[in-house]
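Working notes, structure below.
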Amino acid sequence: MNITENLQQIKASIPKHVTLVAVSKTKPNTAILEAYQAGQRVFGENKVQELTEKYESLPKDIEWHMIGHLQSNKVKYIAPFVSLIHGVDSFNLLKEINKRATQNERVINCLLQIHIAEEATKFGFDEKEVIELLQSEAFQDLKNIKIVGLMGMATFTDNENQIRKEFRSLKQLFDKLQTLSTQGTLSTFQHTTLSMGMSGDYQIAIEEGSTMIRVGSSIFGERNYH
Ligand SMILES: *Cc1c(COP(=O)(O)O)cnc(C)c1O
C-alpha cells in the first residue's frame, strides 16, 4: 500500500470543493505521518480513546474529526481539541457537547446524522425529527455548538441505484433545510457541509452533492481488527 500515491490519486479525482477526511482508525501513527508528509491535514477517527491518543502524539496542526457513534459520557475527552463531530444523533448528545464546549471556551462544529439507510442498525434523525430539533427553543439556547451541515451513511450494498437514491434523499433534505432557513422558518443556519461517501461509494456521493468524503481503506489499505 503506498499511502502517498493513494492520496494523490484520490485528490486528483475529486473536485476542489470536496474535503477529503482521511479515516485513520486502527492505523498506526506511522501511516498517519506518511499521509501528513503528503500534505493531508484532516483525519477522522471513530473511537474516542484512539482519537485522543493520536491527537496527543501527532502534529498539532492536524484537524481531527470524530466520525463514529459518540457516547455522551465520552464527549469531555475530545471537547478540548476536536474540530468536527460528524455523527450527532440526539438532542442529549448535542446538549453535552455544548456543555463541554462551554467549559473549554470553544464553539464545536457538528453535523447532524440523518438516517438514510435501510438498515435499522445505523444511527440518525429522520427528516421530521431534524426539523423539530432545529426549530426548538431548547436548541436555540445551545450557544457553544454550531451545526454546519448533515452527515449520512448509505446502506452497505452493491446496489448502486439504492446508494444513489439514499444520497439523493440526504441532499434533498440538506437543500430543504437551507430553503427553510432563508425563508426564516428555521433560525439562520449556514449549512456548508454535506458529509457523505466512503471508499466504496464516494464517487456516487460526490455526483449527488457531497462536499466532504470520509475515506479510509482506499488510502490506508484494508483494516485488520485482530
Ligand atoms: C470507517 C468509516 C469510514 C471509512 O470507511 P472506508 O470504507 O474504509 O473508506 C467512513 N465513515 C465512517 C463513519 C466510518 O466509520
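Readers should treat all values here as calculations from the given coordinates under stated rules, not as data from a laboratory. Here the structure is a predicted model, which is why all the values come from computation and not from measurement. Ideal geometry is used to build each Cβ from the backbone, glycine not excepted, and the neighbour counts take in all protein chains shown.
Numbers below:
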{"item": "Cα-based convex hull, the chain, per residue volume (Å³, whole number)", "result": "127 Å³"}
{"item": "Residues whose placed amide H lies under 5 Å from that of Gly216, excluding near-sequence neighbours", "result": "Val23, Ser199"}
{"item": "Residue-by-residue Karplus 3J(HN,Hα) for the stretch 168-177, coefficients 6.51, -1.76, 1.60, Hz, glycine and proline x", "result": "4, 5, 5, 5, 5, 5, 4, 5, 5, 5"}
{"item": "Protection-proxy order for peptides 165-178, 206-219, each taking the mean of Cβ atoms within 10 Å per residue, highest first", "result": "206-219, 165-178"}
{"item": "Cα gyration tensor category, rounded, prolate or oblate, for the stretch 141-192 with a/c compared to 1.5", "result": "oblate"}
{"item": "Cβ crowding within 10 Å averaged over residues, with 55-63, 85-93 ranked highest first", "result": "85-93, 55-63"}
{"item": "Added length on full extension, which subtracts the Cα-Cα distance from 0.36 nm per residue, Glu137 to Ser83", "result": "16.9 nm"}
